[in-house]
Amino acid sequence: MNFLEERIVKDGIVKEGNILKVDSFLNHQMDIDLFNQMGEEFKRRFEGKPINKILTIEASGIGIACIVASHFHVPVVFAKKSQSINIDGDVYVAEVESFTHKCKNQVIVSKKFLDENDHVLIIDDFLANGCALQGLLSIVAQAGGTVEGIGIAVEKGFQQGGRIIRNFGYQLESLAIVEGMDAANGTVQFREQ
Ligand code: 5GP
């Protein structure tokens, strides 16, 4: 087991409905030493790629993305959830369905902060059905930028997102891939990587 898998076993909580709660170290209270280890690991896995920007989505991706960015020495842009209509045409817009909240959100990124010169590393905390990622991929495509890779903390390997995104041909690196969870006894199985 790697450092993140060990931490999930120690502090993750398996909920009914295939939900893994990691809010004591990942997406509510945040363990910055752990995030730094994740940053080092993503730096190693995406070595040699001309990454000049990190893109994530509000809210829980932001903390991880910021610490990862400090390893790449590049800025972070986060897609904002927005209700307002894009009248001026000055933002890229994507529709994202939330797995945990079962609702649809529009996310936006200002055209000022992403364009065809950008080589983007997408970072997020979870990958489940891939809706959040597909929204971010659409935003980079609208900008004419290049996706150099995707770094995820926890992928739920039994949901379809990872397969879909890898089939598109992207380098998708998940630090922990959960293959199964059992809420009754609180156990988590990981994919061998
Ligand atoms: P997707 O868009 O890939 O279906 O889901 C990704 C988003 O759903 C993540 O950003 C995360 O907020 C949320 N999510 C999906 N599954 C889980 C889970 O098991 N636990 C937690 N904490 N969040 C999840």
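The values are calculated or read from the model by the stated rules, or taken from the named source; none is laboratory data. It should be emphasised that the depicted structure is a prediction, and the values quoted were computed from it without experimental measurement. Heads up, the Cβs are rebuilt from the backbone with ideal geometry, glycines too, and the neighbour counts pull from every protein chain shown.
Just for the range 1-10: of the residues that are outside any loop (DSSP other than H, G, I, E, B) and touching a residue at least 12 places away in the same chain (Cβ under 8 Å), which one is surrounded by the most Cβ atoms within 10 Å (Cβ to Cβ)? Restricting to residues being outside any loop (DSSP other than H, G, I, E, B) and touching a residue at least 12 places away in the same chain (Cβ under 8 Å), the top hit is Ile8. Screening Ile64 against (1) near the ligand (Cβ under 10 Å from one of its atoms); (2) at pLDDT 95 or above; (3) among the β-branched types (Val, Ile, Thr) leaves a single unmet condition, (1). The single condition from (1) small (Gly, Ala, Ser); (2) at pLDDT below 95; (3) part of a helix (DSSP H, G or I) that Ala59 fails is (3). Residues that are farther than 16 Å from Ile19 by Cα, in contact with a helix residue (DSSP H, G or I) (Cβ under 9 Å, 6 or more places away or on another chain) and not in a helix (DSSP H, G or I) within the range 148-193 comprise Gly149, Ile150, Gly151, Ile152, Phe168, Tyr170, Gln171, Leu172, Glu173, Ser174, Leu175, listed in sequence order.
Note on the range 116-147: residues that are within 12 Å of the ligand (Cβ to nearest atom) and assigned to a strand (DSSP E or B) total 6. If you go through the range 148-162 and pick out every residue that is closer than 19 Å to Ser60 by Cβ and more than 10 Å from the ligand (Cβ to nearest atom), you end up with 2. Comparison of Ile51, Ile64 shows that the only residue that is buried (at least 18 other Cβ atoms within 10 Å of the Cβ), in a loop (DSSP other than H, G, I, E, B) and not acidic (Asp, Glu) is Ile51. If the condition is being away from the ligand (no atom under 11 Å from the Cβ) and either under 16 Å from the mean Cα position of the chain (by Cα) or part of a loop (DSSP other than H, G, I, E, B) (or both), then the range 96-106 contributes only Cys103. Restricting attention to the range 11-18, does a residue exist that is in contact with a helix residue (DSSP H, G or I) (Cβ under 9 Å, 6 or more places away or on another chain), within 12 Å of the ligand (Cβ to nearest atom), among the β-branched types (Val, Ile, Thr) and in contact (Cβ under 8 Å) with a residue 24 or more places away in the chain? Scanning the range 11-18 turns up no residue that is in contact with a helix residue (DSSP H, G or I) (Cβ under 9 Å, 6 or more places away or on another chain), within 12 Å of the ligand (Cβ to nearest atom), among the β-branched types (Val, Ile, Thr) and in contact (Cβ under 8 Å) with a residue 24 or more places away in the chain.
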